[in-house]
Every structure is written in C-alpha cells, then in structure tokens.
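Participant: Here's a structure for you.
The values are calculated or read from the model by the stated rules, or taken from the named source; none is laboratory data. Here the structure is a predicted model, which is why all the values come from computation and not from measurement. When we count neighbours, we look across all protein chains shown, and the Cβ atoms used for this are built from the backbone with ideal geometry, even at glycine. Each accessible area value is taken on the protein alone, full model and side chains, heavy atoms only, with ligands, DNA and RNA left out. Shrake-Rupley method; radii C 1.70, N 1.55, O 1.52, S 1.80 Å.
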Amino acid sequence: MSRQNRVVRLKRRPVGMASRDDFEIADEPVPQPGEGEFLVRIDYVSLDPAMRGWISPGRSYVPPVEIGAPMRAFAAGYVEASNHPDFTVGDAVAGLLGVQRYAVSKGTRVAKVDPAQAPLPRWIGGLGMPGQTAYFGLLEIGRPKPGDTVVVSAASGAVGSLVGQIARNMGCRAVGIAGGPQKCRYVVEELGFDAAVDYKAGHLDADLAAACPDGIDVYFENVGGEIFDTVLGRMNLFGRIPVCGMISMYNATEPPAPIRNIRSILVNRLTVRGFIVFDFQDRIAEANEALGRWHAEGRLKMREDVRQGGIDAFPDVLNELYTGGNLGKLVLAL
Ligand SMILES: NC(=O)c1ccc[n+]([C@@H]2O[C@H](COP(=O)([O-])OP(=O)(O)OC[C@H]3O[C@@H](n4cnc5c(N)ncnc54)[C@H](OP(=O)(O)O)[C@@H]3O)[C@@H](O)[C@H]2O)c1
C-alpha cells in the first residue's frame, strides 16, 4: 500500500465549541517538496487554546485559517526528504506545520530541535512556543522583582506552569489559580508554587486574599472573565498585568459580563498590556537559552499530557483545553 497523508481541513466556522462536523478529515497524497523545501513526517501535534481563535472570522493578530485550508498547528517530527540547504533527512524539527501526517515546509517558523536534550513533545511545549510565551510575558511585561507576589491563572497548564516556576526562580512568591484540588496539589507539590487557589471551590476572592496576604504585584492573565475581575480587586499599587490569554471567552456566544473592578486600573496605576509571543520573534534565541538552562538545572519542570488517537482525534482532544481536561501541555500523538 502506498503512503498517504491524512489532513484536518477547516470545513466551516464553528459557533461555540468546535465539533468534528466543522472539520474535513481525509487521506490525500503525500506532498512533494519543491526547490528550497523539505518534507516532514509529523509525530506530535500541539493543541493550543488559540486554535479556536484561528478558526473564527474577523480581525485578530493573524489571519483566520481559510475554509478548506489545513488546520494551523505547531507540530514536531522528522525530515524525510529535503531540497533545503539547512535541513537534512533525519533532522528533528518543530514549528508551524499543521494538523496532518506530512507537511512540506520552506523553514519559515520551523526550527531544528535536539531530541537527545528533551523528548519531541517538549519542543512544542515548555521548550517551544508556550515556554517562550511564559518567559517574555512574565519578564518583559510583568517585570517581577524579588519579593513580589506573582499570581497566574490556568496555573497547571502549558504556559501557567512555567510562569509560576520562573517567578520562583526570580525570587518571587508564586500563587497559581487552577480548577480543582488535583491541579492545585500538582502546582504546589510538584511544581513548587508557594500556594494555589481552586477557583471552582466557589470563594475565589477570600481564598486569593488568604494566599496573597501582601496583595498582588503581577497578575499573569490567561483566563479573563470573572477570574480577571476578582484578581483586579486585589492588585497592589503600580501592579503589572501581562494579558496573555482569555480562554474563558474563546467559545462564548454571548457578550462578556462587565468588569466590576475596572477602577482598580486607575486607582492602583496598573499597567495592563496584551502581548503575543510572536512580538518577541527576534529574541527567541534568548528565551530558548534561558528555558533550556533552567530545564537542564532542574529549575523548570515540564509535563506533557500526550493523547493517542491520531489525526482523527483532533477535534475532541482540542476541546479538552476549554473544559480543563488537560494536566500540562496538551499534545496529540500521531
Ligand atoms: N499571547 C500569546 O502569545 C499566547 C501564547 C500561548 C498561549 N496563550 C494563552 O495562554 C493561555 C494558556 O494556554 P496554554 O496553552 O497554557 O493552555 P493550558 O493552560 O495548558 O490549558 C488550558 C487551561 O485553561 C483552563 N481553562 C479553560 N477554560 C477555563 C475557564 N472557563 N475558566 C478558567 N480556566 C479555564 C483549564 O485549566 P483549569 O482546569 O485550571 O480551569 C485548561 O486546562 C490561553 O489563554 C492561551 O490562549 C497566549
């Protein structure tokens, strides 16, 4: 039997949570690399919350995936054929390759990685885009100082788990917000955060006050909505809020509720700044060096939640991000 590619293409724009019917999943011929291109056999696909935004219409920081186009995704695999001077057969690579078994690349937003240093899924996790996001968002926008209290939401996830650990490495008190006792235990006992708050327990404001007796200097925002509002009310003077994501709103079909504590931005002279990891594209080597060093020194623990099921499992596994089904970086094995 000849080799086939298997590809997830966007069929229509979802309303609310995406379903399998929003995608076309089919076998296709394996693409052939042209001049200056190489062919990658993909072994792992990264599931990222941003995917829901990438398939929505309208203005964003990147154009939406077009109807009929392969689903955009970070992925990792091995070069199988190459007409590119910098990539050789057998090289391990990671980058924007799409939800498919085989991809042809010109090398744009794809980099060689070292599977001897860390397993392949980690290069689309803590040593890849999510790690770079935590690094730049916290250090450049959060500007933590030793002794600061740093709070991060979605604390057990790909980005949040690193934010708290980097904060600790900077001499800060790290407090995570996560859903459920298992995730909260993981954040404190395995990752070394100083405290964790279970937002599903129903008394976030009181629990946050107990976990942050000196108030909050930096809030790394991953979630939005009610959690954002509650943390705003506990920010210290001249606090910083890197706005990384707002996952609670990505599948919303209704307008968000008004933010009650918005006045905190004025009275506390807060800096609230959104960012996209691509803003720091020309400094990626700096982040990779620091992340790799902390990881090698055991000062940055990383966990991947690798799911089986191959290409066809993509739509269902993606939705686990929005229901909190993942513990650590969510990855699909092909
Ligand atoms: N700006 C950038 O360049 C950039 C880059 C990468 C990621 N991001 C953003 O960073 C955030 C985290 O991404 P990630 O890849 O690290 O994902 P993740 O944290 O590994 O997974 C998502 C987690 O979000 C939490 N969550 C989902 N729905 C929620 C809700 N309604 N309320 C509260 N928590 C909810 C869940 O954890 P619980 O069980 O704890 O609720 C879930 O496990 C996302 O907002 C993402 O868009 C931004």
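Participant: Shape call for segment 129-278 from the C-alpha gyration tensor, a ≥ b ≥ c root eigenvalues: rounded (a/c under 1.5), prolate (a/b greater than b/c) or oblate?
Facilitator: rounded
Participant: Here's something else I'd like to know. For residue 43 and residue 209, what is the calculated FRET efficiency with R₀ set at 56 Å and r taken between the beta-carbons, to the nearest 0.05? It would help to have the intermediate numbers written out before the result.
Facilitator: Working: r = 46 Å, r/R0 = 0.81.
Calculated value: 0.75.
Participant: Next question, about the same structure. Say each of residue 12 and residue 67 gets a label point 7 Å from the Cα, pointing the same way as Cα to Cβ; how far apart are those two points in nm?
Facilitator: Taking the two extended label points, one gets 0.9 nm.
Participant: Would you mind telling me which residue in 288, 83, 319 has the biggest mean-square fluctuation in a Gaussian network model of the chain, where springs connect alpha carbons within a distance under 10 angstrom?
Facilitator: Comparing 288, 83, 319 in a Gaussian network model of the chain, the most mobile one is 83.
Participant: If I stretch the segment between residue 283 and residue 316 completely, what's the gain in nm (0.36 nm per residue apart, minus their alpha carbon distance), one decimal? Intermediate values should be presented prior to the final figure.
Facilitator: Numbers: separation 33, 0.36 × 33 = 11.88 nm, distance 3.43 nm.
Length difference between fully extended and current span is 8.4 nm.
Participant: Solvent-accessible area of residue 289, probe 1.4 Å, all protein chains present, reported in Å² to the nearest ten, please.
Facilitator: Roll a 1.4 Å probe over it and residue 289 shows about 100 Å².
Participant: Ok, one more. In degrees, nearest 10, range 0 to 90: what is the angle between the Cα axis of helix 314-323 and the longest Cα principal axis of the chain?
Facilitator: Relative to the chain, helix 314-323 is tipped by roughly 0 degrees.
Participant: Working out 0.36 nm times the residue gap between residue 253 and residue 143, then minus their Cα-Cα distance, what length gain in nm do you get to one decimal?
Facilitator: Here the answer is 36.1 nm.
Participant: Another one. Percent of accessible area on the chain owned by carbon and sulfur, 1.4 Å probe?
Facilitator: 51 percent
Participant: Please give the length that would be gained between residue 185 and residue 86 if that part of the chain were fully extended, namely 0.36 nm times their separation in residues minus their C-alpha to C-alpha distance (nm, one decimal).
Facilitator: The span from residue 185 to residue 86 would gain 31.2 nm if fully extended.
Participant: Report the equivalent ellipsoid semi-axes for the chain in whole Å, largest first, defined as the square roots of five times the eigenvalues of the gyration tensor built from alpha carbon atoms.
Facilitator: Details: eigenvalues 249, 99, 59 Å².
Values for the chain, descending: 35, 22, 17 Å.
Participant: Oh, and also: Using unit Cβ charges (K, R positive; D, E negative) and no other charged atoms, how large, in debye to the nearest 20, is the dipole of the chain about its Cα centre?
Facilitator: Computed charge dipole of the chain: roughly 400 debye.
Participant: Any chance you could look up the accessible area of residue 88 with a 1.4 Å probe, heavy atoms only, rounded to 10 Å²?
Facilitator: Counting only protein heavy atoms, residue 88 exposes about 80 Å² to solvent.
Participant: For the chain, modelled as a GNM with alpha-carbon contacts under 10 angstrom, which of 206, 158, 174 fluctuates the most?
Facilitator: 206
Participant: Also, I was wondering about something else. Given N residues in segment 18-123, what is Rg(Cα) / (2.2 N^0.38 Å)?
Facilitator: 1.11
Participant: Ignoring everything except DSSP H segments at least 4 long, calculate the 222 nm mean residue ellipticity for the chain; use -39,500 (n - 2.57) per segment, divide by total residues, nearest 500.
Facilitator: Working: 9 runs with 74 residues, N = 334.
Counting only the DSSP helices, I get -6000 deg cm²/dmol.
Participant: What accessible area per residue comes out for the chain, rounded to a whole number of Å², with a 1.4 Å probe?
Facilitator: Working: 14680 Å² over 334 residues.
Per residue, the chain has 44 Å² of solvent-accessible surface.
Participant: Oh, and also: With just the Cα atoms defining each centre, how far is segment 38-77 from segment 297-328? Give it in Å.
Facilitator: 16 Å
Participant: Let me know the number of lysine pairs in the chain closer than 26 Å at the Cα, not counting same-chain pairs under 8 apart.
Facilitator: Lysine pairs meeting both conditions in the chain amount to 10.
Participant: To continue, here is another question. Would you please state which residues of segment 256-279 a label at residue 237 would reach in this model, taking the label point 7 Å out along Cα→Cβ and a backbone N cut-off of under 19 Å?
Facilitator: Under 19 Å, as judged by backbone N against the label point of residue 237, lie 263-272 of segment 256-279.
Participant: Working from Cα positions, state the angle (0 to 90°, nearest 10) between the long axis of helix 284-296 and the longest principal axis of the chain.
Facilitator: Its long axis makes an angle of about 80 degrees.
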